[in-house]
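Report on the following structure.
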Amino acid sequence: MSSTMNNLLLHPIRLRIVSAMTGDRVTAKDLAKALPDIPQTTLYRHINVLVDGGLLQVVDEIPQRGTVERVFGFRVPPSLSPEDLRGLSKEEYQQTFTLILTTLLQEAINSLNSLPENEEIDLLGEGYQFSQMSLNLTDEEYEKLNNRILALMLEAGKNRASEKRKRRIFSYLFIPIIETLEPNAT
């Protein structure tokens, strides 16, 4: 994996930091609160890697009792482009999927573990949603749908945290399926 974006995003802690960033402004303190299981020194080290790599930038500095608290925002959208993925081997794609799915699974486990014990829980009411369906799309239809989803995600990603807003992780995958059945003629 040679691209800078691959090196930045395809690391378990950095992927979690990027996932934890809500809105377009976040402090290290905000990230530490959202990711309490990551030691503070480790968190700061990986934030600096993301800044040095060009994914994050300092968008503001707030004086705090003799020091300065940096506010971070994305310099570029946190997404792997076709150029970032071009040339990956099958094994590297498998590693990428494993990392992304493992990180997503860990976020789900952390979220479920934060719910009250010994109490009936309405997962849909809490905001958990599971969807999967098979779509028949031309390459053009696939590209159009993917671009619409990405645009919606980027738009919603600009929302600032508030008491009315819950932090949610939205993730989606497109996986092409090799057809073993003849297409239905209808």
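Structure notes:
- Highest GNM mean-square fluctuation among GLY157, GLY73, GLY127, for the chain modelled with Cα contacts below 10 Å: GLY127.
- Note on ILE149 and SER89: with the Förster distance fixed at 30 Å, the Cβ-Cβ geometry gives a FRET efficiency of about 0.65.
- Cα gyration tensor category, rounded, prolate or oblate, for region 116-168 with a/c compared to 1.5: oblate
- Sequence-separation-based contact order of the chain, relative, with Cα cut under 8 Å and 6+ spacing, percent: 26 percent
- Three-way shape label, region 1-123, alpha-carbon gyration tensor, a/c 1.5: oblate
- Annotation for region 109-147: chymotrypsin sites (Phe, Trp or Tyr not before Pro) lying in DSSP loop with at most 12 further Cβ atoms inside 10 Å of their Cβ are PHE130.
- Simple label model, 7 Å out from Cα along Cβ direction - THR27 to LEU135, nm: 4.0 nm
- Each 5 Å bin from 0 upward holds the following percent of the Cα-Cα pairs of region 3-68: 3, 16, 29, 27, 17, 6, 2, 1.
- Residue exposure sequence - ASP139, ASP84 - by fewest surrounding Cβ within 10 Å: ASP139, ASP84
- What separates the Cα centres of region 123-145 and region 28-55 is a distance of 31 Å.
- Dimensionless Rg over Rh [region 91-186; C-alpha; Kirkwood]: 1.04
- Choice from SER19, SER81, SER131 with maximal GNM fluctuation in the chain (Cα, 10 Å cutoff): SER131
- Restriction of the GluC sites (Glu not before Pro) in region 104-182 to DSSP coil positions whose beta-carbon has at most 12 other beta-carbons within 10 angstrom yields GLU117, GLU119, GLU120, GLU163, GLU179.
- GNM top mover of THR96, THR27, THR41 - the chain, alpha-carbon springs below 10 Å: THR41
- Label point distance in nm, PHE97-GLN57, each placed 7 Å from Cα along Cα→Cβ: 3.6 nm
Taken together, the values in this text are just the output of simple stated rules run on the coordinates, not laboratory data. Remember, it's a predicted structure, so these values are computed and weren't measured experimentally. All Cβ positions, even for glycine, are placed from backbone atoms using ideal geometry, and neighbour counts span all protein chains on display.
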